[in-house]
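First comes the structure, then the notes that go with it.
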Amino acid sequence: MRNRLNQYGRLAGIILLGLGLLPWGAAQAAHGHEIRGITGPTFNLYASPFNISLPEGTSLYMWGFGDLSAGGNATHSEGSGYFLPQYPGPTMIVTEGQAVTINLTNYGVPDPISIVIPGHNVSATGGQSGLVTRQSNFGQTVQYTFTAGKPGTYVYHSLDGANPGLHTEMGLVGTLIVRPSDGSHSAYGTGTETEYDHEYLYLLTEADPEVHQQMERGHYAHFTQNERFATIYFVNGRVYPDLVQGDYNPLFPHQPYQSLSMSHPGDRVLVRNANGGHDSHPFHYHGENHRFVGRDGNMLTSDGLVADLGRSDNTINSAPKQTVDAIWTWTGKDLGWDIYGTGPGYAHSCTDSGDGFDAVTREYCADHGKPIPVDLPGVAELTLGGFWSGSPYMGDVGDLPPGEGGLNPNGGYFFVWHSHAEKELTTFDIFPGGSLSAMVVLPTYVTIE
């Protein structure tokens, strides 16, 4: 685990230069990248204690939700069975208007647990007064039912009135995505100006390891909000550098979701930003401003037809349990230089398709053939790392010294997406860490899974 931290920590300088590419690519999905999760309308979840991995080689005791329908989780008994809860909880995906059922079973969390979904009127049956399941009654199940509301992004979490905030601190939190009933590849429906080519989830949380140690020792009455002080900051349940590894990586059996985003020039990217923690998180997106299109499952609209009230910004200041949907697009327009390079080794054309861009390469034709207006440093003057492609041009992989590079086979542009609070770029006050992710803009011929 320490080797993993050392390997990626020394590459942070190259990432912050804004150039690079990770070597993950697979068959193009029908509509580009879509958020991975489990689909309803019926979900069989459970809650259980477990430990997650941190990059410096330690682990953190958690309580988490898992999917009973997943392989290996079909049967359980107290003191035996195979549990694979996760942090965050499974991303549940439903369709607007569906009748949704969540069956929640407690397999060992030593506190009453529940499911709360802000923005939805949820009914519960079973447990104590139809509200919670208890560890003292191992295997008890509560059923929650509701009708999926307006399309958008929602946080779900456990809540116990005796210890408000403890359950999300311990990891009992996840995301619910409601897709529009018309089946469109959009956030809020056809014609709402929320269509997208790719979508990515950024669920932001934080943790105070002292609280987790107290819970692991059984000191359940020791949790107080006024003494809580977070020192670990997560995106989708991981911290840098682990969060730029691929989905479902065996290094992280309980942390299945990564947060590395990918697009092509001109692609519309739907960013689903959700704050599942207790603190505000100012998450900052480089490359271009994004346009807000919805908040807490409500389209930002003046007429109910199109998302026309969202502002343009480069930072989402999300409050606890708030969600924001935004559209992000990078075109390279007016950079003043050719993103694909110039000279004999970079022969390519640019044909204006009527909007100023080449329909195939998506290059901005007014900048075609223009060189970078600075003298570029030589290899001997650079600090090289695995994310450097050896060239400042998209799609080009330059010569690298032996042993350098290797993670940029497609020559993409790397834009850092990260928290704008300095402390949240650390883990245990050590930089780089925390909420440090990226968007990789790839040449159009590179497929995105």
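Nothing in this text is a laboratory measurement; each read-out follows from the coordinates by a stated rule. Since the model is a prediction, treat every value here as computed from it, not as a measurement. Cβ coordinates were reconstructed from backbone atoms using ideal geometry, including for glycine residues, and neighbour counts include every protein chain displayed.
So how do S123, S114, S69 line up by other beta-carbon neighbours within 10 Å, fewest first?
Details: S123 9, S114 24, S69 13.
If I rank by nearby Cβ atoms, fewest first, I get S123, S69, S114.
Taken about its Cα centre, the chain carries a charge dipole of about 1000 debye when Lys and Arg each add +1 at the Cβ and Asp and Glu each add -1 at the Cβ.
The value of relative contact order for the chain, using C-alpha pairs under 8 Å at least six residues apart, is 18 percent. For the chain, a Gaussian network of Cα nodes joined below 10 Å ranks A47, A366, A438 by mean-square fluctuation, and the top entry is A366. Think of the chain as a dipole: +1 on every Lys or Arg Cβ, -1 on every Asp or Glu Cβ, centred on the Cα centre; then among H348, N249, L45, L45 lies furthest on the positive end. Along its principal axes, the chain has C-alpha extents of 74, 52, 40 angstrom, given from the largest down. Excluding the site residues themselves, the longest part of the chain lacking any trypsin sites (Lys or Arg not before Pro) in a DSSP loop with at most 12 other Cβ atoms within 10 Å is 1-216. Ignoring lysines fewer than eight residues from K150 along the same chain, the ones with Cα atoms less than 26 angstrom from its Cα are K321.
Per the Kirkwood formula applied to alpha carbons, segment 295-374 shows a radius of gyration over Rh ratio, Rg over Rh, of 1.17.
Would you kindly state how much longer the chain becomes between T351 and D160 on full extension, computed as 0.36 nm times their sequence separation minus their alpha carbon distance, in nm to one decimal?
Details: separation 191, 0.36 × 191 = 68.76 nm, distance 6.06 nm.
Length difference between fully extended and current span is 62.7 nm.
Rounded to whole numbers, the Karplus 3J(HN,Hα) couplings from phi for segment 411-423 are x, x, 9, 10, 9, 6, 10, 7, 5, 8, 9, 4, 5 Hz, using 6.51 cos²θ - 1.76 cosθ + 1.60 with θ = phi - 60°, and x at Gly and Pro. So which lysines pass the test for K333, namely a Cα distance under 17 Å, with those fewer than 8 places away in the same chain ruled out? Cross-link targets: K370.
Local charge sum around D296 (other residues, Cβ-Cβ under 11 Å, Lys/Arg +1, Asp/Glu -1)? Before the final figure, lay out each step's value.
Numbers: positive: K150, R295, K321; negative: D325.
Once all neighbours under 11 Å are counted, the net charge is +2.
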